Amino acid sequence: MAQLIKLENYISRYEQDPFHYPSQYIRLKQEQWQQLRQAFENPKVPEQIEEVKEPTSFFNQWRKRKKETDETDIEDEPLHALPQTEDQLKVYYLNQLYQFQLKWASSTITQMSFIDRVYEDDLVLKYLLQRFPDTYLVMYHPIFRLKKAEVEADIIVVTPFDIYIIKLVEFSSETKIIAGDDRQWQKEERSVRSNFISPLLSLKRTDKIVKSILKYKEVDMPVTKMVLSRSNAIDYHLEPFQTVYIDKEQHEAWLLKQRQLKTTLKHKQLKAIGALLSFSDTVSFNRPEWQREETDQFNWE
């Protein structure tokens, strides 16, 4: 399951430490699956263990909350709610991970962003996260701040070896897409053609942003622009430079190739996301519980 490292301009845990959280996610994901399998195969009521109290200094509380926040965000659902079959368990597990990722992409230990509830059932985002490997790092319509200007970008997927900039173009399954130039494309349904804005326009804008950031941060990583349509055929004569078209005929083979990539996270890949995240816009607020606790800690009266 791919990792959601940035969602719009919400605060992301990955912004704090891009070299730590990708591997932390993979570890927690594996541990949670093992725990779910054990609970599924050996259902029982967990014993209550009395928690050992730690010193109550502010920094001890901060460290304790960091560990709890990282490792228990993934455990919201009670074990008694586990499904009855293993196939259902896998679906349950993926949905639980999806909610966990939304938390990591909209909050840190002390800060949070107000996430739009539409993302709870965003089918495109679920597709990107649930059908690609753990080592694929996704920026979902990130907003970059460049020279005091905010610029919304297309979907960015940083793989261990390269970067995809993806524009999803999808219509009803009977529609054929006819590729055009940088300004206009056409769609044809029942022999009727109509124009729509070329996906190459925003792809080129995002490509320019990504490459300029990588160059500034001295990260050398290939970037490919992609028009992706899972439901439509794309009629074209020639793909533009460093651009690929993946339509419904090619989609499954392309997706299988991505899923079969067996490799670890790469240092250059983490440098790339660190560079991109450093130019990402973020809007966040103090978590209410931290506001209360900090006030209590430093209230000497």
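Filter the stretch 250-284 for residues that are of a type outside the set (D, E, K, R) and free of Cβ contacts under 8 Å to residues at least 12 places away in the same chain and give the result.
Hits for the stretch 250-284 are 250, 253, 254, 256, 260, 267.
Do the conditions hold for residue 207, that is, is it within 22 Å of residue 182 (Cα to Cα) and surrounded by 18 or more Cβ atoms within 10 Å (Cβ to Cβ)?
yes
Return the residues of the stretch 154-187 that are among the basic types (Lys, Arg) and surrounded by 15 or more Cβ atoms within 10 Å (Cβ to Cβ); say none if nothing qualifies.
The answer is 167, 176, 187.
Any residue that is modelled with pLDDT under 90, surrounded by 13 or more Cβ atoms within 10 Å (Cβ to Cβ) and not in a helix (DSSP H, G or I) - is there at least one of those in the stretch 50-63?
no
Of everything in the stretch 15-45, what is buried (at least 18 other Cβ atoms within 10 Å of the Cβ) and of a type in the set (A, V, I, L, M, F, W, C)? Give them in sequence order.
Within the stretch 15-45, 28, 36, 40 meet the criteria.
Out of the stretch 200-221, which residues are part of a loop (DSSP other than H, G, I, E, B) and over 20 Å from the mean Cα position of the chain (by Cα)?
Within the stretch 200-221, 217, 218, 219, 220 meet the criteria.
Could you figure out which of (1) buried (at least 16 other Cβ atoms within 10 Å of the Cβ); (2) at pLDDT below 95; (3) assigned to a helix (DSSP H, G or I) isn't true of residue 109?
(3)
Are there any pairs with C-beta distances below 6 angstrom linking a residue in the stretch 28-55 that is under 28 Å from residue 101 (Cα atoms) to a residue that is modelled with pLDDT of 85 or more, with the two at least 6 apart or on different chains, and if so which?
Close Cβ pairs satisfying both conditions: 36/93; 40/89.
The values are calculated or read from the model by the stated rules, or taken from the named source; none is laboratory data. In this text, all values refer to a predicted model and were calculated from it rather than measured experimentally. Cβ: placed from backbone, ideal geometry, glycine included. Neighbour counts: every protein chain shown.
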